[in-house]
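Following: one structure in structure tokens, then a few remarks.
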Amino acid sequence: MSAATEIVRLTVNGDRREVGVPTHFTLLETLRYVIGLTGSKQGCDKGDCGACTVLLDGEPTLSCLTPVWEAEGRAVTTVEGLASVEGPHPLQDAFDLNGAAQCGFCTPGILCSAAALLDRSLDPTRQQIKEALAGNLCRCTGYSKIYDAVEAAAATLRDGTGPAAASESSRPRGAERTVE
Amino acid sequence: MTDGDRNMKSDLRLIGTAMRKVEGLDKSMGRALYTDDLVFPGMLHGKILRSPHPHARIVSIDTSAAKALEGVHGVITGQDMPTTYGVIPWTPDEYPLCVDRVRYVGDGVAAVAAVDEDTALRALELIAVEYEELPAFFDPYDALEADGSSPYVHDAKKADWNGNITKKVHLEFGEVDELMDGADIVVEGEYFFEGTTHAPIEPHCAIASWQGGGGFERPSGESSGKLTVWSATQVPHYLHRELARVLDVDQAHVRVLQPLVGGAFGGKSEPFDLEFCVAKLSMLTGRPVKILYTREEVFYAHRGRHPFHMKYRTGATADGKLTSVDAKILLDGGAYASFGLVTTYYAGQLLCAPYDLPAYRFDSTRVYTNKPACGPKRGHGSVQPRFAFEVQIDKLSDQLGIDPIEFRRRNSIGSHTRTINELRVTSNGFLECLESVERESGWKERFRKLAFGRGLGVAGSTYITGTNYPIYPNDMPQSGVQIQVDRSGRVAVFSGASDIGQGCDSMVAYIAAEELGVPLDYVRVLRGDTDFTPVDLGAYSSRVTFMVGNAAIDAARKLRSMVQEAVAEQWDVKPGEVLLAGGLALWASDTERQMHIREAFNLAEAKFGTLGSTGWYNTPKDVHGEYRGGTIGASPAYSFTAHVAEVDVDVDTGFVEVKKIWVAHDCGRALNPVLVEGQMEGSAYMGFGEALMEEHVFKDAEHGRAGLHDGPSLLDYRIPTSLDTPELESLIVESIDPEGPYGAKEAGEGPLHPSIPAIANAIYDAVGVRMDRLPFSPPNVWRAIVVAREAGMLRKPTLSDRADAQTSAPESVATPEFVPGD
């Protein structure tokens, strides 16, 4: 009884993929349930919450409202595609260090929106951060720690260093005394 | 404070610093797995058919066409699980699927499992249900006064109650009437708190896998099976018990796993229909079954904050001392009991701090209506009365010409005392909270002195840090933690605590690292699985840090003693002179004498055998009033909070902009200040949303179908975005509680309470208008402004305003008398 299935060609986090999907599938359903990239979340399935936000050619896009066919021939980046082999994207590290992810369910979408912001500007004002994240609902944090994290990541990217200030204070005291 | 104290440590190294969360990077990297991220071979997808009627008899259900549809593997109805359940053992009034009656639009009547979601949805359309519609109750006063001419929502619980009454509580402490009569001033007010819902971003989701036979037998020897359920729940232990009971499976053959939970706030703190349905469908089909609620279903599952109709009389002396409080409260409970028995008590019991009340009486009645069931939401049962009472205090201080912070200071109950309802209060940092918000907000220079339209308001509150009595009566510990260490120096902590984002998995890791002297990244937390973690009762009532934290200290100290003893023997020193810190064992007298912690663990393993320990915590049981209900509200410790809110009110539109909220909270000790601030800010944010935007309301017959949710989506039910949310400033106050882990108390719920009344009081400071009903949305505020303008009262109040300054919203809710409870 499954619906008609067709092959769709996608580039997801740099990988070229050809997958068979029901013709009515959204990009989110394809990512989560066909390709198995479950980082992008479904919070409402109607474009209200922003938890499904991915980057489509670098632009934050609600993948739950995007028919998968609209992603053909375009670069899809999900939260799983932000990091490099060296480690987390500065935003990802800063979110952990600053307590920006509580339950973490909105986090993948917020990270995609924030990454697009930092691609445009490495020195965003707090108002610009608020505007960039206005389509992503967070029910845990009150957003304050998220702003702190985005600002810390922007500073890191500007300096070209690790997320220094935050990480120093966050290293467990005494950990550096471990002897091998 | 010495190490000899059961829960203290004099040389804290990690505790109190900013630390990563154990699952923090998993969440930001997209690796963290939530229930809907799990897929199992052969897994089927389930869907639940829901009632379109608010109140109806089920005449018949025909599932034959659905069963015949290709791709459908199982269809169940209420008859397949005819056992009621409920989180409170005394009020099990829900069936997993309705058996003979539906009680709200959205009540489940049948469920299917099919190869995919589309097929399951098609199958639902093929199920024919014949209903006989019944008159429905939507207004709680109608429900209360019903005469039986149409069927009540439930059968009567007592001979002299109608069947719409869940619970009545009437409690009286001190000479209420005498002290009220003798008061220099009495303020009366009526307040209405519209219901709100949790709206976690993750919808409820559950998966079940039944392994029939296979050697799993009942005690009688009859073949049975093993049931495994994964669920986005904040109470795996209660779910475990109810699954076994309702589905008649041996508790030992039920395993509940809790993947990471994407927010809950009380909205996932009891069993739900989907958990029973996936279990039954898996037992029927022999295959794993998943059900994921749609966002609409999350709104109908609800269990959110009850609408409260409240009436308060509050007396005080001319110099601003409270004398007597008299409260009448009607709770609109929706279709089922949920935690309602507790809510009805909390509505009154949790008001007796942070102020000293010489006399107090409350009548609290909860009624059923044909709407989704209300339950516990962050600040369970006490956010609504706190709103009313803190506005009452603002009115009193205003009429007496006393600064409202000073008024609160004069009435502070203090530490190490008892409330009028005999709750034991230990540490209390309320005065420090008041001082903190007073200083940081520039209160003295700005209160009553800002330009018309701009205002400051203050409010205070208290909240429990867990409950002394568990939901089902038993003498076992409330929390257990198990720790083992291995030869690599690694520490494994087995914790049954429910991390719903608040950070309790990290909290136990911080404690293990602190006590055993290992770096934080040597600690692994194994959690969320009833097969291998000790029982913890769940993430509710702000109990986790206090109880699980104390259990973790207990377990870790037992191991620490063994390690100290083994190292001391090696060095020929006293065990008390061996420090474990920073990945080392060190001699206190000469820290140059040291060894790697791994070596220390190995010495201990050689001396004592394989290393492991269990720790536990149980609550004090002898610290409450000896009256019926006296145990409800009894907590091992209470947190305290004060907020100042600053608002800007547009008198032409009624639009209120909250510019900033200063949040001072006494959390005992901040184990990780970053996480404590996160709880304070998240709480203040949630209260702000309830104050200005959120309304969980239903259509009436004139505006659509009666009982239909007014807007079950995150677009229509507006929660604050980044652009709506005010600046939030966290001000941590540490009172170091004598019984908390290193002195810690709760931080997850208390800091929500004052947001709402602080904003209401700030609106009054801005434009002289009292907002006694929620939310303070533009239409509600604008109507109050119109009335005030016509009365000539739309103006900046002055510091010495007297009673004539009072104005009220025109639609302040009528509160008819109702019969006091038993």
**OP:** Being within 25 Å of B:E175 (Cα to Cα) and small (G, A, S) is the filter here, so list the residues in segment B:301-348 that pass it.
**Re:** B:G315, B:A316, B:A318, B:G320, B:S324, B:A327, B:A347, B:G348
**OP:** Grab the strands (runs of 3 or more DSSP E) fully contained in segment B:471-577, keeping just those with 3 or more residues being within 19 Å of B:G740 (Cα to Cα).
**Re:** B:479-485
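On the basis of being surrounded by fewer than 20 Cβ atoms within 10 Å (Cβ to Cβ), at pLDDT 95 or above and assigned to a helix (DSSP H, G or I), does B:L284 make the cut?
In short, yes.
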**OP:** Test B:R448 against the stated conditions and say whether it is assigned to a loop (DSSP other than H, G, I, E, B) and not assigned by TED's automatic domain parsing to the domain that holds B:S735.
**Re:** no
**OP:** Please go through segment B:398-427 and pick out each residue that is more than 15 Å from B:V325 (Cβ to Cβ), assigned to a helix (DSSP H, G or I) and of a type outside the set (D, E).
**Re:** B:Q399, B:L400, B:P404, B:I405, B:R409, B:R410
**OP:** Please indicate, with yes or no, whether at least one residue in segment B:362-376 is among the basic types (K, R) and surrounded by 24 or more Cβ atoms within 10 Å (Cβ to Cβ).
**Re:** yes
Subject >> Residue list for segment B:526-546, restricted to those being in contact (Cβ under 8 Å) with a residue 60 or more places away in the chain, surrounded by fewer than 24 Cβ atoms within 10 Å (Cβ to Cβ) and among the hydrophobic types (A, V, I, L, M, F, W, C) >> reply: B:V535
**OP:** Please name all residue pairs, on different chains or six or more residues apart, with Cβ atoms under 7 Å, provided the first residue is in segment B:655-678 and is at positive phi and more than 9 Å from chain A (Cβ to nearest Cβ) and the second residue is of a type outside the set (G, A, S) and part of a loop (DSSP other than H, G, I, E, B).
**Re:** B:G668/B:E734; B:G668/B:I736; B:G668/B:D737; B:G668/B:K745
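Quick one: is B:A264 more than 19 Å from B:A373 (Cα to Cα), in contact (Cβ under 8 Å) with a residue 60 or more places away in the chain and either buried (at least 24 other Cβ atoms within 10 Å of the Cβ) or touching a strand residue (DSSP E or B) at 6+ places or on another chain (Cβ under 8 Å) (or both)?
Values: more than 19 Å from B:A373 (Cα to Cα): no; in contact (Cβ under 8 Å) with a residue 60 or more places away in the chain: yes; either buried (at least 24 other Cβ atoms within 10 Å of the Cβ) or touching a strand residue (DSSP E or B) at 6+ places or on another chain (Cβ under 8 Å) (or both): yes.
So B:A264 does not fit the description; no.
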Original post:
Mind checking which residues of segment A:44-68 are farther than 24 Å from A:D119 by Cβ and either part of a loop (DSSP other than H, G, I, E, B) or within 12 Å of another protein chain (Cβ to nearest Cβ) (or both)?
Top reply: A:C44, A:D45, A:K46, A:D48
Subject >> Number of the condition not met by B:T591 [criteria: (1) within 37 Å of the chain's Cα centre (by Cα); (2) within 14 Å of another protein chain (Cβ to nearest Cβ)] >> reply: (1)
Original post:
Among (1) under 14 Å from B:F387 (Cβ atoms); (2) more than 14 Å from chain A (Cβ to nearest Cβ); (3) small (G, A, S), which single condition is B:G687 missing?
Top reply: (2)
Original post:
Among the numbered criteria (1) within 14 Å of another protein chain (Cβ to nearest Cβ); (2) farther than 30 Å from B:L434 by Cα, which single criterion is violated by B:E681?
Top reply: (2)
Original post:
Is it true that B:A747 is touching a residue at least 60 places away in the same chain (Cβ under 8 Å), within 21 Å of the chain's Cα centre (by Cα) and more than 9 Å from every other protein chain (Cβ to nearest Cβ)?
Top reply: yes
Subject >> Subset tally (residues that are free of Cβ contacts under 8 Å to residues at least 60 places away in the same chain and either within 12 Å of chain A (Cβ to nearest Cβ) or within 14 Å of B:V289 (Cβ to Cβ) (or both)) for segment B:69-81 >> reply: 5
Original post:
If you check B:V102, B:V112, B:V87, which single one turns out to be within 14 Å of another protein chain (Cβ to nearest Cβ) and either under 24 Å from B:E270 (Cα atoms) or polar (S, T, N, Q) (or both)?
Top reply: B:V112
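Quick one: is B:D486 free of Cβ contacts under 8 Å to residues at least 24 places away in the same chain, more than 20 Å from the chain's Cα centre (by Cα) and surrounded by fewer than 23 Cβ atoms within 10 Å (Cβ to Cβ)? Step through it out loud before you land on a result.
Details: free of Cβ contacts under 8 Å to residues at least 24 places away in the same chain: no; more than 20 Å from the chain's Cα centre (by Cα): yes; surrounded by fewer than 23 Cβ atoms within 10 Å (Cβ to Cβ): yes.
For B:D486, the condition - free of Cβ contacts under 8 Å to residues at least 24 places away in the same chain, more than 20 Å from the chain's Cα centre (by Cα) and surrounded by fewer than 23 Cβ atoms within 10 Å (Cβ to Cβ) - is not met.
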Subject >> Number of the condition not met by A:G39 [criteria: (1) buried (at least 22 other Cβ atoms within 10 Å of the Cβ); (2) outside the structural domain of A:I146 (by TED's automatic domain parsing); (3) touching a Cys at 6+ places or on another chain (Cβ under 8 Å); (4) not charged (D, E, K, R)] >> reply: (3)
**OP:** Confirm whether A:A101 is facing chain B (nearest Cβ under 8 Å) and over 28 Å from B:A264 (Cα atoms).
**Re:** no
Subject >> Single condition B:G480 does not satisfy, out of (1) buried (at least 24 other Cβ atoms within 10 Å of the Cβ); (2) touching a Leu at 6+ places or on another chain (Cβ under 9 Å) >> reply: (2)
**OP:** Could you tell me which of the residues B:I759, B:I763 is under 23 Å from the mean Cα position of the chain (by Cα) and not in a loop (DSSP other than H, G, I, E, B)?
**Re:** B:I759
Original post:
Does B:R408 count as in contact with a Ser or Thr (Cβ under 6 Å, 6 or more places away or on another chain), surrounded by 24 or more Cβ atoms within 10 Å (Cβ to Cβ), charged (D, E, K, R) and in contact (Cβ under 8 Å) with a residue 24 or more places away in the chain?
Top reply: no
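The values are calculated or read from the model by the stated rules, or taken from the named source; none is laboratory data. None of these values were measured; they are calculated from a predicted model. Counting neighbours? That spans all protein chains shown, and the Cβs are built from the backbone with ideal geometry, glycine included.
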